[in-house]
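Notes for the one structure printed next.
The values are calculated or read from the model by the stated rules, or taken from the named source; none is laboratory data. Quick caveat: nothing in here was measured; it's all calculated off a predicted structure. Positions of Cβ are backbone-derived with ideal geometry, glycine not excepted, and every protein chain shown enters the neighbour counts.
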């Protein structure tokens, strides 16, 4: 399964390269389709590209491929398709389209193999627990948007059946991330004595450089880990998350900077994954408000400690405003 998933990841990368080359070819011919479509690889974008390769040059006819979910109007799409139609760039567009479609077929073949392998895996010893209610207040919990590169079968259901817990309840972690966790680390967390060992194995634990009893540098080990990359990408999506983890990431980002905050939150996500898989616990988001209140109480304790050190006592204000 690991071999199949890694092969599929390479095809996903190749598909991305094909899309980039098609975007460049369109730009070279002054076709500004990428400015009106957020995703060139979507249904509208690929239908327009196929029609261009087939010989269509009329902007209004090409705009007829517009799907209902596209924000840009047909007139706007037609204006973006007024180009110079350079033959050498159109030739590149044709070749890249053929490569992209070939890669899609290879991905579909991997999906078929992956589905068979997943079905052969035994289910968890315990049935998946019922989803606990959210304790968040204010904004409702956002439903995670499925990735366009997800396999074409119910991978999320299979992963939940095999793992016994729903790891996608952790903010930032999606189905593709869970599959990477399973193929790279497995589901048996007894291989690592503690969650600290698991975090260190991934490559998130600090490795201090000490000379003469003095710490010179504090940095993580340089490791090539697909799992570390997946967790870092998951952590980076927490920037705008209205959740406990999102509030924690924004606080770390302010204090440590973006790279270190992503590494720290990647380690946090790894610890949550370890606990869920080892102890069968379901993750419950406590919300942004709880984190902010917890941080406020921490700040007050620190201020009281500093005041007591200098012989003062903190007194709450009658009018906090």
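Would you point out the residue of the stretch 90-115, among those that are more than 25 Å from the chain's Cα centre (by Cα) and within 20 Å of residue 151 (Cα to Cα), that is surrounded by the most Cβ atoms within 10 Å (Cβ to Cβ)? Spell out how you get there, then give the answer.
Within the stretch 90-115, the subset more than 25 Å from the chain's Cα centre (by Cα) is 90-99, 102.
Pick out the ones that are also within 20 Å of residue 151 (Cα to Cα) and you get 99, 102.
Details: 99: 16, 102: 14.
The extreme case among them is 99.
Please verify whether the stretch 70-88 includes one or more residues that are in the same structural domain as residue 52 (by TED's automatic domain parsing), closer than 24 Å to residue 38 by Cβ, within 28 Å of the chain's Cα centre (by Cα) and touching a residue at least 60 places away in the same chain (Cβ under 8 Å).
No: zero hits.
Scan the stretch 240-260 residue by residue and report those that are in a helix (DSSP H, G or I) and either in contact (Cβ under 8 Å) with a residue 24 or more places away in the chain or over 23 Å from residue 198 (Cβ atoms) (or both).
Across the stretch 240-260, the qualifying residues are 240, 244, 245, 246, 247, 248, 250, 251, 253, 254, 255, 258.
Residues of the stretch 22-50 being surrounded by 17 or more Cβ atoms within 10 Å (Cβ to Cβ) and touching a residue at least 60 places away in the same chain (Cβ under 8 Å), which ones?
The answer is 22, 25, 26, 29, 41.
Is there a residue in the stretch 205-226 that is within 30 Å of residue 39 (Cα to Cα), surrounded by 21 or more Cβ atoms within 10 Å (Cβ to Cβ), in contact (Cβ under 8 Å) with a residue 12 or more places away in the chain and under 16 Å from the mean Cα position of the chain (by Cα)?
No.
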